[in-house]
Amino acid sequence: MTREEVFNFAAGPSTMPQRVLERAASELLNYKGTGVSVMEMSHRSAAFREIFDTAKASLRELLKVPESHEILLLQGGATLQFAAIPMNLLAGGVADYAVTGRFSARAAEEAKKYGTVHLAADTSATGHDRIPRQEELRLTEGANYFYYCANNTIYGTEWHYDPETDCPLVCDMSSDILTRPVDFSRYALVYAGAQKNMAPAGLTVVIVDRSLVGGELPYTPELMSYEAMIRTDSMLNTPPCWCIYMLGLTLDWIREEGGVEAMAERKRERAALLYDVLDSSRFYTPHARREDRSFMNVTFTTPSAELDAAFAAGAAKRGMISVKGHKSVGGIRASLYNAMPPEGARKLAEYMREFEKEHV
Ligand SMILES: *Cc1c(COP(=O)(O)O)cnc(C)c1O
C-alpha cells in the first residue's frame, strides 16, 4: 500500500502528521546547511542547542506551563516514571492512587516499593469501564500526592474532570497531552511518553513543580532524580536528540493548526463520528460507559471474537490498520490522536456501518 491509502489507528507508536514527516525527510541528510543530520550532531552543538531550547519553549507556550514548573525531556518511557515519581515525591510517605486501568495499576504497584500506597479508587471490578466520580475518591489526609492517569489508552476511558484534592496532583497524560488545555498550576507533576501524540518512542516529557523536588530517596539513580535533571537541563547524559527534534516539528505543526484549543475541538469531532455509530447500533458494544468514554481511544466489541477478527482484517484490507484491541480487553480499539485526519475517522465510521449491515 502507499502511505496515502493508509489510516493508522495504532495506539502507540502511532500516526504522525504528514507535514512533520515531510519536513523531517527534507532535513534528514543536511539539517539547515550544517552538512549533517540531526542524528549525527553533538548534543552540545549550537544547532542542537537551538532545537532543544525551541522544543522546550514551544511546549511551555502551547501548554501555558507556568514558570514555577520545569520541563524535562527524559528517556525510559512513561513506565520509568512509575518508579521515578515515588522515588522523588513519595520517599517513604503516603500517596493516593486512583487505579482506572492497566498503567495506573502498574504505577501503584511500583510505588509500593518506595512508600505507602492507598487506593483512592479502583475500577477493576467492572473491567475498568468507567472513571470514579469526585465523591467516590477516598482521599488520605496528609498524602504526598494524588496519582491518576487522565486517559486510559487500553480501556478507552478518560477523566473529564481534574480531581479536587488537598495534596498535589500527579498525572500520566501519555495518551492525551497536547489534546486540550490544562491548568498546570494545579499539578505537581504531569508526564507523558512521546509515542502517542508527540514524537517517536524514546522520549518522555515531565513537567514538574520545582518547589517539590529535592527530597528523593538517597539511592535514587542520578538519571531518575528530578533535581539532577533540572540542574543539568535534562543533559546529564546524551538526551534522545532525534525524538526531541521530532517533538519540535510536531509542536510547530500544532501551533500552525491552531494550538491545543483546536486539537480539543477536533478530537471531539473525530470521536463523535465513531460514537454516533456505536450509539445507534445494537451490533456493537462499547467498552466504556458513555459519560466516561475517551476521545482518544474508542473501544468496542462485535458480537463475537471471530467477528472482531473479521472486522480488523476487513479494516486493514481497506487501509485502516491496527484497530485490534489490546490483548487484555480484546475487541476493537481505534486510536484517534492529534495526527489522525477527520477523513480517517469518517472512513472507519462508514466501514463500521457497512460491516454491521453485512453481519446482523
Ligand atoms: C503507553 C502508555 C504508557 C506506557 O508508555 P511507555 O512509554 O511504553 O512506558 C503509560 N501510560 C499511558 C497512559 C500510556 O498510554
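The values are calculated or read from the model by the stated rules, or taken from the named source; none is laboratory data. Bear in mind that the values here come from a model prediction, so they are computed numbers and not experimental data. Virtual Cβ from ideal backbone geometry, glycine too; neighbours counted across all protein chains shown. These accessible areas exclude ligands, DNA and RNA; they are computed on the full protein's heavy atoms, side chains included. Shrake-Rupley method; radii C 1.70, N 1.55, O 1.52, S 1.80 Å.
Observations on the model:
- The residue of the range 309-359 that is surrounded by the fewest Cβ atoms within 10 Å (Cβ to Cβ), among those that are over 16 Å from GLU5 (Cβ atoms) and of a type in the set (D, E, K, R), is LYS327.
- Residue in the range 191-206 that is farthest from VAL170 (Cα to Cα), counting only those that are more than 8 Å from the ligand (Cβ to nearest atom) and open to solvent by 10 Å² or more (accessible area, probe 1.4 Å): PRO200
- Looking only at residues in the range 103-143 that are touching a residue at least 60 places away in the same chain (Cβ under 8 Å) and touching a Cys at 6+ places or on another chain (Cβ under 7 Å), the one that is nearest to ASP166 (Cα to Cα) is SER104.
- Residues that are of a type outside the set (A, V, I, L, M, F, W, C) and in contact (Cβ under 8 Å) with a residue 40 or more places away in the chain, drawn from the range 168-186: PRO168, ASP172, SER174, SER175, ASP176, THR179, ARG180, PRO181, SER185
- Residue satisfying all of: in the range 144-167; free of Cβ contacts under 8 Å to residues at least 40 places away in the same chain and more than 17 Å from the chain's Cα centre (by Cα); nearest to VAL94 (Cα to Cα) among these: ASP166
- On the stretch given as the range 75-102, residues that are within 17 Å of THR165 (Cβ to Cβ), assigned to a helix (DSSP H, G or I) and among the β-branched types (Val, Ile, Thr) total 1.
- For the range 260-290, the set of residues classified as open to solvent by less than 10 Å² (accessible area, probe 1.4 Å) and part of a helix (DSSP H, G or I) consists of VAL260, MET263, LYS267, ARG270, ALA271, LEU274, VAL277, LEU278, listed by residue number.
Listed here are the residues, each with its yes/no results for (1) more than 19 Å from ALA121 (Cβ to Cβ); (2) surrounded by 18 or more Cβ atoms within 10 Å (Cβ to Cβ).
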site	(1), (2)
ALA55	yes, yes
LEU72	yes, yes
GLN81	yes, yes
ALA84	yes, yes
ASN88	yes, yes
GLY93	yes, no
ASP96	no, yes
ARG102	no, yes
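- Residue match in the range 42-62 (condition: assigned by TED's automatic domain parsing to the domain that holds GLY248, of a type in the set (A, V, I, L, M) and under 17 Å from the mean Cα position of the chain (by Cα)): yes
- So VAL38, is it in the same structural domain as ARG186 (by TED's automatic domain parsing) and farther than 28 Å from VAL182 by Cα: yes
- As for the range 313-320, it holds no residue that is modelled with pLDDT of 95 or more, touching a Pro at 6+ places or on another chain (Cβ under 9 Å) and either in a helix (DSSP H, G or I) or under 14 Å from ASN8 (Cα atoms) (or both).
- Residue within the range 209-223 that is open to solvent by less than 40 Å² (accessible area, probe 1.4 Å) and out of contact with any strand residue (DSSP E or B) (no Cβ under 9 Å at 6 or more places or on another chain) present: yes
- Out of GLU109, GLU158, sole residue that is farther than 29 Å from SER234 by Cα and of a type in the set (Asp, Glu): GLU158
- Against the numbered list (1) surrounded by fewer than 23 Cβ atoms within 10 Å (Cβ to Cβ); (2) within 13 Å of the ligand (Cβ to nearest atom), ASP122 comes up short only at (2).
- ALA143 within 11 Å of the ligand (Cβ to nearest atom), out of contact with any helix residue (DSSP H, G or I) (no Cβ under 6 Å at 6 or more places or on another chain) and either of a type in the set (Val, Ile, Thr) or at pLDDT 95 or above (or both): no
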